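Note sheet for the following structure.
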Amino acid sequence: MEPLPDAIIDENVFFLRIMADHAKFISHLLDPSERKLVDQANNFSHEFDQLLFQARDLDSMRPQSQTAPLLDQFLDQNRVSVKSLRDFKKTARELINACRIKSIIHPLLADHVFREAERFLFIIDMFENSLTGKPVPALQSIIMD
């Protein structure tokens with residue numbers, strides 16, 4: 001298995017890229033008349049691009065970037081942004097299911113991207129708990145929501 005600091009950086013680079021990509025394609029699959037939602041998706045795209053750049057910087061500064069305080073701060077920052085994006089995806093999913101927004105986003109795709117954000121939050125919590133020595137939360141709570 002990969003050492004914890006390496007895993008934290010690698011998984012965050014991977015998932016931050018995915019979250020940025022999600023925001024980009026959500027923005028493009030919404031009808032242009034949904035200006036507020038398109039603007040929000042574009043803002044998330046920019047935010048996650050910036051977080052990805054930071055993660056890649058940490059990646060390039062190994063082993064100096066692998067201190068517990070730096071990784072803890074990195075996880076906290078990502079958690080806040082992922083929670084915001086997850087809430088946006090949840091709202092979009094609900095609106096798509098209720099046919100209340102104009103888009104070409106299939107309801108299953110909306111559910112999929114929401115669950116990926118949930119999964120990333122679980123991974124962040126798991127890493128945070130490993131860094132601090134807290135017990136790891138059960139995966140079942142993620143699967144059942």
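The values are calculated or read from the model by the stated rules, or taken from the named source; none is laboratory data. Predicted, not measured: the structure shown is a model, and the values here were computed from it. All Cβ positions, glycine included, derive from the backbone under ideal geometry; neighbour counts span all protein chains shown.
Just to check your reading of the model, which residue among Ser81, Ser65, Ser33 is surrounded by fewer than 18 Cβ atoms within 10 Å (Cβ to Cβ), touching a Leu at 6+ places or on another chain (Cβ under 8 Å), in contact (Cβ under 8 Å) with a residue 12 or more places away in the chain and part of a loop (DSSP other than H, G, I, E, B)?
Unique residue meeting the criteria: Ser65.
Quick one: which residue in Val13, Val38 is part of a helix (DSSP H, G or I), modelled with pLDDT of 95 or more and more than 21 Å from Met61 (Cα to Cα)?
Answer to the check: Val38.
Rundown of residues vs (1) at pLDDT 95 or above; (2) exposed (fewer than 11 other Cβ atoms within 10 Å of the Cβ); (3) not aliphatic (A, V, I, L, M), yes/no style:
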| position | (1), (2), (3) |
| --- | --- |
| Arg100 | yes, yes, yes |
| Ile104 | yes, yes, no |
| Leu108 | yes, yes, no |
| His112 | yes, no, yes |
| Ala117 | yes, no, no |
| Leu121 | yes, no, no |
| Pro135 | no, yes, yes |
| Ala138 | no, yes, no |
| Met144 | no, yes, no |
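Given the conditions (1) under 20 Å from Phe127 (Cβ atoms); (2) touching a strand residue (DSSP E or B) at 6+ places or on another chain (Cβ under 7 Å); (3) not β-branched (Val, Ile, Thr), report the number of the one that Asp31 does not fulfil.
(1)
Hey, could you check region 36-55 for residues that are of a type outside the set (A, V, I, L, M) and touching a residue at least 40 places away in the same chain (Cβ under 8 Å) and say which is surrounded by the fewest Cβ atoms within 10 Å (Cβ to Cβ)?
My answer is Gln40.
Being closer than 22 Å to Thr132 by Cβ and of a type outside the set (Val, Ile, Thr): is that true of Gln40 here?
For Gln40, the condition - closer than 22 Å to Thr132 by Cβ and of a type outside the set (Val, Ile, Thr) - is not met.
Working carefully through the options Leu71, Leu58, find the one that is surrounded by 17 or more Cβ atoms within 10 Å (Cβ to Cβ), touching a residue at least 60 places away in the same chain (Cβ under 8 Å) and in a helix (DSSP H, G or I).
On inspection, the qualifying residue turns out to be Leu71.
Being within 16 Å of Ile26 (Cα to Cα) and of a type outside the set (A, V, I, L, M) is the filter here, so list the residues in region 100-131 that pass it.
Arg100, Lys102, Ser103, His106, Pro107, Asp111, His112, Phe114, Arg115, Glu116 - these are the residues of region 100-131 that are within 16 Å of Ile26 (Cα to Cα) and of a type outside the set (A, V, I, L, M).
Answer yes or no as to whether Ser27 is under 14 Å from Ala117 (Cβ atoms), assigned to a helix (DSSP H, G or I), out of contact with any Cys (no Cβ under 7 Å at 6 or more places or on another chain) and modelled with pLDDT of 95 or more.
no
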